[in-house]
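Trainee: This is the structure I have questions about; it appears just below.
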Amino acid sequence: MSVFMIWFPVDEISMQAETGIFESLVQEYGINIDATRPAKLTSRLADDVRIFEVEHSSLDAYIIDTPYLRRIACHPHVVGTELESMMFQSAHLSLSAILELCEISKSNGELLFEQILRAAPGYQLHAAAAQLIPGCFRTVFVRPRYTHTSYRDHDGMIQRELEVVYEDFSDLQRGKDIVLLMQDTVASSRSAVLSIERAIRKCEENGSRIKRWILYGFISLDGLELLEKVARSNGIPLTTFALGNLTALCANNYDMPLFGVDESLWQKRHSIHKLGGLVDRITLADYVKEFIPGADQPGDWSARQTNLFNGSGFEKGDIENHLRNSVRLIKSLLEIGTFTDWQKQVAYKELERLDEKLAVVRG
């Protein structure tokens, strides 16, 4: 058994023996740390980038791990230009490996970004592509929108209803084999399903076909398994690049923790249900230092961003509301009473940072 050095707050009585703590977390939350191995790459990754191949079910999936992604996932106070810069850095460091692992070249298909508006461009993979492979891809747009307010609630029947309020497939070529690259936050997977169905239909109308579907973003294991079924039913190979981990998914079909108590279920029933995602054990050892159990890693992804393209123009992200909601979620998780003393310290420190950021945002 490997031994991991996990950092604990300096006011803890001592540097605790962490093999026991690490293993107890894995057992307590049912975290899957046995389904990954280092991806085989001919090109060398930067020293602070790790890519793992997932060996789970029939999934063709990888996990990308960078310090930038860990900071974003563990710290909801990271917003705006800081968030966008970190996402770009991660995308820039990862794109070459994605191209290699998917065997993408001009000879085996036209690379097409399907941008799911408003939030998905915040993943910045297209911006990295514009620098690293300029002129080698095209872009189409689709905007699925929930018909009713859906923050932290994708579970009710009304909240599940999606409609397409904007699309632009004018850049889609006719009679081509397409490699479709989609950036998205996949919780319940509904927006991704609607978007791929739209892309399939448009390709059929243009005499093109989607030869491969590539997915990049914060992705839940439950959502991915549903998308894999959609891909198979349409005869399209799906390759996924999840950021940090394949997350757990709470009962509200929205919150995507790495591990922790399902806070949404606690609020409804006052019952404690513990969840765990799929992650490499080396990555988990790093996350444990900073992650608040039960916290939603992407948060309200659109609200964390500065500007959002909606199809006709740009609108501001609701950063202040994201920060307030993050404070409420962390305080609720603390009130459930399952945190250890050092986990409480991690949570209190993040609450301090959120308050500081709120003060800046409010001016």
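Trainee: Helix-derived [θ] at 222 nm for the chain: sum -39500 (n - 2.57) over DSSP H runs of at least 4, divide by residue count, nearest 500?
Mentor: Numbers: 10 runs with 133 residues, N = 363.
-11500 deg cm²/dmol, from helical runs alone.
Trainee: Note down the nm distance, to one decimal, between modelled labels 7 Å out along Cα→Cβ at Asp171 and at Thr42.
Mentor: Placing both labels 7 Å beyond Cα along the Cβ direction yields 2.9 nm.
Trainee: Tell me which of Asn32, Tyr348, Thr338 sits at the most positive position along the dipole axis of the chain, charges placed on C-beta atoms (Lys, Arg +1; Asp, Glu -1).
Mentor: It is Asn32.
Trainee: Next question. Would you mind working out the magnitude of the charge dipole of the stretch 18-362 relative to its Cα centre, with +1 at each Lys and Arg C-beta and -1 at each Asp and Glu C-beta, to the nearest 20 Debye?
Mentor: Numbers: 39 positive and 48 negative charges, 120 e Å.
Once rounded to the nearest 20, the dipole reads 580 debye.
Trainee: Compute the signed sum of charges (Lys and Arg +1, Asp and Glu -1) over the other residues within less than 11 Å, Cβ to Cβ, of Asp34.
Mentor: Working: positive: Arg37, Arg281; negative: Glu55, Asp280.
Once all neighbours under 11 Å are counted, the net charge is 0.
Trainee: Okay, next question. Taking only Cα atoms and a 10 Å spring cutoff, compute GNM fluctuations for the chain and point out the largest among Tyr62, Tyr216, Tyr29.
Mentor: Of Tyr62, Tyr216, Tyr29, the Gaussian network model singles out Tyr29 as fluctuating most.
Trainee: Pick from Ser332, Ser195, Ser58: which residue has the top mean-square fluctuation in a GNM of the chain where Cα pairs under 10 Å get a spring?
Mentor: Highest fluctuation of the listed residues: Ser58.
Trainee: What are the extents of the Cα atoms of the stretch 129-271 along their three principal axes, listed from largest to smallest and rounded to whole Å?
Mentor: On the principal axes, the stretch 129-271 reaches 55, 30, 30 Å in Cα extent.
Trainee: Give me the Kirkwood hydrodynamic radius of the stretch 43-130, using the inverse of the mean 1/r over all pairs of distinct Cα atoms, in Å to one decimal. Could you put the intermediate results ahead of the total?
Mentor: Working: mean 1/r = 0.0692 Å⁻¹.
Taking every pair of different Cα atoms in the stretch 43-130, averaging 1/r and inverting gives 14.4 Å.
Trainee: Would you mind checking Lys40/Lys176; Lys289/Lys316; Lys176/Lys229; Lys40/Lys202 for any pair whose Cα atoms are more than 27 angstrom apart?
Mentor: Numbers: Lys40/Lys176 30 Å; Lys289/Lys316 32 Å; Lys176/Lys229 24 Å; Lys40/Lys202 35 Å.
Pairs exceeding the cut-off: Lys40/Lys176; Lys289/Lys316; Lys40/Lys202.
Trainee: When Lys and Arg each count +1 and Asp and Glu each count -1, what net charge do the other residues less than 14 Å away from Ser58, Cβ to Cβ, add up to? Could the numbers behind the result be given before it?
Mentor: Working: positive: Lys229, Arg232; negative: Glu53, Glu55, Asp60, Glu225, Glu228.
After counting each charged neighbour, the total is -3.
Trainee: Assuming R0 = 22 Å, what is the FRET efficiency of Arg145 and Thr306, from their Cβ-Cβ distance, to the nearest 0.05? Before the final figure, lay out each step's value.
Mentor: On the way: r = 20 Å, r/R0 = 0.92.
Calculated transfer efficiency: 0.60.
Trainee: Still on this structure: Percent antiparallel among DSSP beta bridges with both residues in the chain, to the nearest 5?
Mentor: Values: 21 of 53 bridges.
The antiparallel fraction comes to roughly 40 percent.
Trainee: Right, another one. What number do you get for the stretch 205-361 when its Cα radius of gyration is normalised by 2.2 N^0.38 Å, N = residues?
Mentor: Working it through for the stretch 205-361, the quotient is 1.21.
Trainee: Next up: List, largest first, the extents of the alpha carbons of the stretch 18-362 along their principal axes, each in whole Å.
Mentor: Between the extreme Cα coordinates on each principal axis of the stretch 18-362 lie 60, 42, 36 Å.
Trainee: Select from Asn32, Asn234, Asn252 the residue whose mean-square fluctuation is largest in a Gaussian network model of the chain (Cα-Cα springs shorter than 10 Å).
Mentor: Judging by the Gaussian network model, the answer is Asn234.
Trainee: Assuming 0.692 mPa s and 37 °C, estimate D for the stretch 317-359 with Stokes-Einstein, Rh taken as the Kirkwood radius over Cα pairs, in µm²/s.
Mentor: On the way: Rh = 10.8 Å.
Approximately 305 µm²/s, per Stokes-Einstein.
Read-outs throughout are calculated quantities, based only on the coordinates presented, and are distinct from any laboratory measurement. This is a predicted model, so every value here is computed, not measured. Note that each Cβ is placed from the backbone with ideal geometry, even for glycine, and that neighbours are counted across all protein chains shown.
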